[in-house]
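See structure below.
The values are calculated or read from the model by the stated rules, or taken from the named source; none is laboratory data. Predicted model only: the values in this text are computed from it and were never measured. Here the Cβ is made from the backbone with ideal geometry for all residues, glycine too, and neighbour counts use every protein chain on show.
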Amino acid sequence: MRLEGKVAIITGGASGIGRATVEKFVREGAKVLIADISLERAQQASDEIAATGAAGATAACQVDVSVFTEVEAMVAKAVEVFGKLDVIFNNAGIAGGKPLLDHDPSVDYEPMIRVDQDGVYYGILAAGRQFRDQGTPGVIISTSSIYGEQAAELSFTYSAAKAAVISFTRSAAYELAQFGIRAVAITPGRVGTAIINQFSDELKATFAAEQMRNKMTEPSEIADVVAFLASDEANAINGTVVHVDDGYSSFKQRLD
Ligand code: NAD
C-alpha cells in the first residue's frame, strides 16, 4: 500500500505499460484516472480492474495528449473525481519510423512529435500548475526510451521526441523543485506490448537477444519501477533518467 491516499493520472493507461501501471498503482492503494485516446478501452480497463476488488479506485477519461486543452481537461477531471492530484505518468505514445530521406514531414515527423513530445510537455505543464495551485508535493514521471539516448534504425523522429522527454524532465525538476515537485524519466528497452508485437518474430527475437535476460521485459516489471518512483520512498530521485532496459544500454556499449 505504498501509494495509499495518492491520486494519479496515467496516460496511455488502456494498454501495455500504462495498463500494467494502473493495475500496480491500484494494488498499492492509489486512485487512478485511466486516460487514453480510446475511451472505450480506458473504460474497459477501469471496469476490469474494479472487478478484481483491488484496494484503490479507477475512473476513465478520453484524452488526446497532443491537444493541450484536452490535457488540461484531463487534469481537471482527476481533481473533480478524486479531489486532488499527486502523480502524473506521461506515458501515452506512438512508435514507428521510416528512413530519414524518405520522410514526408507531415506524416513521418509532425504527428509523432505532437504525441510523443508535445503530449509530455502538456502533461508536465497542466499537472505542474495543479500541484502548484494545490500547494502539495507532486511527482511527474514520463516515458522516454532507450532510443531517447541513442540513434537507431528508423527512429529519427521517435529518438528526437524521446530525447526531448529527458530534457523536459531535467528542466521541470530544476524549475519546479521550489513547489515540491519531482520529475523523473524512465527509459524502457524492449517491452512486450502492442508497439513491439507489430514486428516480425525474427525481429522480436533480435530485440530479446539484445537484453541481458534474452527476453522482452514484462509491462508489469516497468510498472513496479514506476510505482516505486511515484512513492515517497523515491523522494531523493529527481531530474534524472531511470533505465529499465534489462541492461540493453550497457550491453550495446559492450558490443560497440
Ligand atoms: P501500447 O501501444 O500498448 O500503449 C500506448 C497507449 O497510448 C495506447 O493505449 C494508446 O491508445 C495510447 N495513445 C496513443 N496515442 C495517444 C494519444 N494521442 N493520446 C492519448 N493516448 C494515446 O504501447 P506501450 O509499449 O505500452 O507504450 C507506452 C509508452 O512506452 C510509449 O510512450 C512508448 O513509446 C514507450 N516505450 C515502449 C517500449 C516498448 O518496447 N514497448 C519501449 C520504450 C518506450
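In the set 220, 249, which member is more than 15 Å from the chain's Cα centre (by Cα) and either modelled with pLDDT under 95 or in a helix (DSSP H, G or I) (or both)?
Numbers: 220 fails: more than 15 Å from the chain's Cα centre (by Cα).
The conditions single out 249.
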query: Has segment 112-130 got any residue that is touching a His at 6+ places or on another chain (Cβ under 9 Å) and touching a residue at least 12 places away in the same chain (Cβ under 8 Å)?
result: no
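So which of 215, 204 is over 30 Å from residue 129 (Cβ atoms), of a type in the set (Lys, Arg) and either touching a Ser or Thr at 6+ places or on another chain (Cβ under 7 Å) or in a helix (DSSP H, G or I) (or both)?
From the options 215, 204, the qualifying one is 204.
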query: Within the group 127, 152, 161, 172, which residue is crowded, with 21+ Cβ neighbours inside 10 Å and over 23 Å from residue 7 (Cα atoms)?
result: 161
message: Checking the conditions here, which among 183, 127, 161 is farther than 30 Å from residue 214 by Cβ, of a type outside the set (Asp, Glu) and part of a helix (DSSP H, G or I)?
response: 127
Pick from segment 77-101, criterion away from the ligand (no atom under 16 Å from the Cβ) and within 19 Å of the chain's Cα centre (by Cα), ranking: surrounded by the fewest Cβ atoms within 10 Å (Cβ to Cβ): 86
task: Kindly check whether there is at least one residue in segment 63-72 that is modelled with pLDDT of 95 or more and more than 25 Å from residue 111 (Cα to Cα).
output: no
